[in-house]
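Here the structure comes first, spelled out in structure tokens, and everything after it is commentary.
The values are calculated or read from the model by the stated rules, or taken from the named source; none is laboratory data. This is a predicted model, so every value here is computed, not measured. Heads up, the Cβs are rebuilt from the backbone with ideal geometry, glycines too, and the neighbour counts pull from every protein chain shown.
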Amino acid sequence: MNQDSTKISLTNRSKVVSNKKMSFLESLYLPAIFKGMFVTMSHFFTKKATVQYPEVKRPVSDIYRGMHVLKRDEEGRERCTACGLCALSCPAEAITMIAKERLESEKHLYREEKYAAVYEINMLRCIYCGDCESACPKEAIFLTDRFVPSEVARGNFIYGKDVLLEPKDAPIDVSKRQTPEVLAFKKDKTQLHNK
Amino acid sequence: MDIQILYKSGLIIVILLLSLVIAMYATLAERKIAGFFQDRLGPNRAGIFGLLQPVADGVKLFFKEEFMPATADKFLYILGPSLTMLIALLGSAVIPWGNTLTIGNNVFPLQVADVNIGVLYVFAVTSIGVYGIMIGGWSSNNKYALMGAVRAASQMISYELAMGMALIAIVMMSGSLSLHDIVAQQHGIHWNVWYQPIGFFVFVVCAFAETNRTPFDLPECDSELIGGYHTEYSSMKLGFYLFSEYINMFISSAMIASLYFGGYNFPFINELGMSHNWLTIVGMLVLFAKIGFFMFLFMWVRWTLPRFRYDQLMRFGWKVLLPLAIVNIVATGVIYELFKK
């Protein structure tokens, strides 16, 4: 009989189920019903768990991995050189791109000689692991704390450069994700991606 | 005489509109209260506090596809929800919403029809209510709908018996079948609930069963019968079924308040020293507060208790409530004879 007492109890709320005959009061069910109604009424007045999303945003971590951004450098040129490492590293195969050679007249637009003419991320495939960010040798792609908004059509979730590229006049702060450790990791020559 | 006819027509329209508006906002209240019981906020996007939600729901229902099963009986299929709605609205005719208003030499009672068999009338009307559900379930030509309808029929008939027995005790005490008289006799705080606690309990439980509310919502039974008798209904026909449930709730609450909680009577009614007309208006507000409380009770119970199993439902109706109500009648008779007023 005593073997039950040695069991580990996590909450102290578990009760041994028994099929014993109910007492008269129990068989009326009314006390149990009033008890239940008291429980629901106590919930009526508790603080609600709802977060009113568009107006109130739940706080996220500093290094939250949300919607991607394609960064520009200090002069406003696109950093991406369309090397394709992000697409290669992507476990969900969400990233595609088409590379193009930079013309002499486009030097103020693109930092490297080669750039991504088309850069697309399928936000439905993406698992927000951040591998693209780790793989990028040019610090061009980062995950940010922005959420991907809802859409009504599937096709709208394929984000191109028009959405992903950071606007020139409103740079997106990713310094929280550029910690010294991250920068050291990027420059680590023992890592495969920097060889 | 003419002014009385005009007044009565006006009163009928006002009460009709009032029942519809109250039912409309009862759907919002239900969802809000459900949310609060479950630590949520409920709908609050359409208008301030979600006050336009019922309008949005109504518009949505109107624009839904009007679908009719190919094998359905066309006439009965339309008759079902219409009948349910009609019967739900009929019940409000005999409920005294307040005492009388005296303007000049005219006395205006706040009751559409003071029928001398008011209680019987309400009973007759609620008994027909089962037809709307039965016809709808039958004509859908769907096994789930039929099962829901059969359940509804047997449940409503079973619980009507106990409800009637509970009412007989009230009628024995008041010696009248007129709702006006029954309410008038509960002057001040002499409410029937103090003298008929068992009858009150039986009546409330049966009212839950008659309106097909949880824990007696077996005719609908979303998890087992995918909606029961209104499985095949869509658009505003479904809206009528859902809507009539809330009207039924409103009328049931009004009946409970009138029969057991003194209707428009409230304590210290004589000590206030107000004029008759003002007392009538305050009494009416008190009645609506009572109705509001009972509608809240309906919702409170719905979001607390799980559904009965079908055999439990039948056993409870026939083996517990009915004997309890009969014992209540006998006890009322004995006590009444022993302590004649």
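Within region B:45-65, if we keep just the residues that are within 14 Å of chain A (Cβ to nearest Cβ) and surrounded by fewer than 17 Cβ atoms within 10 Å (Cβ to Cβ), the residue that is nearest to residue B:213 (Cα to Cα) turns out to be B:49. Please verify whether residue B:157 is at pLDDT 85 or above and closer than 18 Å to residue B:259 by Cα, treating the condition exactly as stated. Considered against the rule, which asks whether it is at pLDDT 85 or above and closer than 18 Å to residue B:259 by Cα, residue B:157 comes out as no. Is it the case, given these coordinates, that residue B:83 is under 19 Å from the mean Cα position of the chain (by Cα) and without any contact (Cβ under 8 Å) to a residue 60 or more places away in the chain? Yes, satisfied.
Looking at region B:15-44, which of its residues are closer than 19 Å to residue B:298 by Cα, in contact with a Ser or Thr (Cβ under 7 Å, 6 or more places away or on another chain) and more than 12 Å from every other protein chain (Cβ to nearest Cβ)? Matches in region B:15-44: B:19 only.
Per the listing A:81, A:96, A:50, the residue uniquely buried (at least 19 other Cβ atoms within 10 Å of the Cβ) and of a type in the set (S, T, N, Q) is A:81. State whether one or more residues within region B:286-298 are part of a loop (DSSP other than H, G, I, E, B), within 14 Å of another protein chain (Cβ to nearest Cβ), hydrophobic (A, V, I, L, M, F, W, C) and touching a residue at least 40 places away in the same chain (Cβ under 8 Å). Checked against the condition, which is being part of a loop (DSSP other than H, G, I, E, B), within 14 Å of another protein chain (Cβ to nearest Cβ), hydrophobic (A, V, I, L, M, F, W, C) and touching a residue at least 40 places away in the same chain (Cβ under 8 Å), region B:286-298 yields no hits at all. Residue by residue through region B:143-175, note down the ones that are farther than 23 Å from residue B:73 by Cβ and of a type in the set (Ser, Thr, Tyr). Selection gives B:158, B:159, B:174. Looking only at residues in region B:318-335 that are hydrophobic (A, V, I, L, M, F, W, C) and within 13 Å of another protein chain (Cβ to nearest Cβ), which one is surrounded by the most Cβ atoms within 10 Å (Cβ to Cβ)? Among those that are hydrophobic (A, V, I, L, M, F, W, C) and within 13 Å of another protein chain (Cβ to nearest Cβ), it is B:321. Going by what's in this entry, would residue A:169 be described as in contact (Cβ under 8 Å) with a residue 12 or more places away in the chain and in a loop (DSSP other than H, G, I, E, B)? Answer is no for this residue. Set side by side, the residues A:60, A:69 differ, and just one is surrounded by 14 or more Cβ atoms within 10 Å (Cβ to Cβ) and touching a residue at least 60 places away in the same chain (Cβ under 8 Å), which is A:69.
Restricting attention to region B:303-317 and to residues that are part of a helix (DSSP H, G or I) and crowded, with 19+ Cβ neighbours inside 10 Å, the residue that is nearest to the other protein chains (Cβ to nearest Cβ) turns out to be B:316. On inspection, residue B:140 passes the criterion of being surrounded by 18 or more Cβ atoms within 10 Å (Cβ to Cβ) and of a type in the set (Ser, Thr, Tyr). Filtering region B:247-297 to residues that are in contact with a helix residue (DSSP H, G or I) (Cβ under 6 Å, 6 or more places away or on another chain) and not hydrophobic (A, V, I, L, M, F, W, C) leaves B:248, B:252, B:253, B:258, B:260, B:263, B:264, B:290. When residue B:275 is tested against (1) under 21 Å from the mean Cα position of the chain (by Cα); (2) surrounded by fewer than 16 Cβ atoms within 10 Å (Cβ to Cβ), only condition (1) is not met.
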